[in-house]
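Just so it is clear, none of the values below were taken in a lab; they were calculated from the coordinates. If you're wondering where the values come from, they're calculated on a predicted model, not measured in any experiment. Note that we place each Cβ from the backbone using ideal geometry, even for glycine, and neighbour counts take in every protein chain shown.
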Amino acid sequence: MTYDFEVSTIDPRVGGTYEAWDGYITGHTVALDPRRRIMQSWRTPDFTDEDLDSEIEVLFEAVAEGTHVTIRHSDVPTLQRSYEEGGWEDSYFVPMRAYFASL
């Protein structure tokens with residue numbers, strides 16, 4: 001089974017592939033602990049042939065207000081770190097807040 005979102009296709013199993021932003025981001029699921037942790041490789045066409053895939057880890061923690069989400073993005077090539085200047089917030093968190101608020 002795959003889940004299609006506005007900009008993503010995900011095969012939700014370890015070893016399953018995913019893509020986001022019309023194929024700009026690609027990778028595969030490295031580890032999956034439902035409701036607790038997702039770890040995926042992450043690569044864009046802007047990575048050079050010498051760049052290793054970066055890794056993204058998403059941790060979920062139940063808190064009184066709902067769920068606390070922690071994202072760790074490691075091994076990102078130096079020239080690809082725009083997420084540190086608001087890329088994650090603008091491209092992911094703002095749309096996710098709007099989506100979940102609409103449910």
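Summary table
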read-out	value
Ordering of 18-31, 42-55 by packing [mean C-beta count within 10 Å, highest first]	18-31, 42-55
Nearest-20 debye value, the chain charge dipole, Cβ charges on Lys, Arg, Asp, Glu	520
Signed unit charges on C-beta, dipole axis of segment 55-103, positive-most listed residue Gly86, Ala98, Val63	Ala98
Descending semi-axes in whole angstrom, ellipsoid equivalent of the chain, from the Cα gyration tensor	22, 17, 15
Sum of side-chain charges, Thr67 neighbourhood, beta-carbon under 14 Å (Lys, Arg +1; Asp, Glu -1)	+2
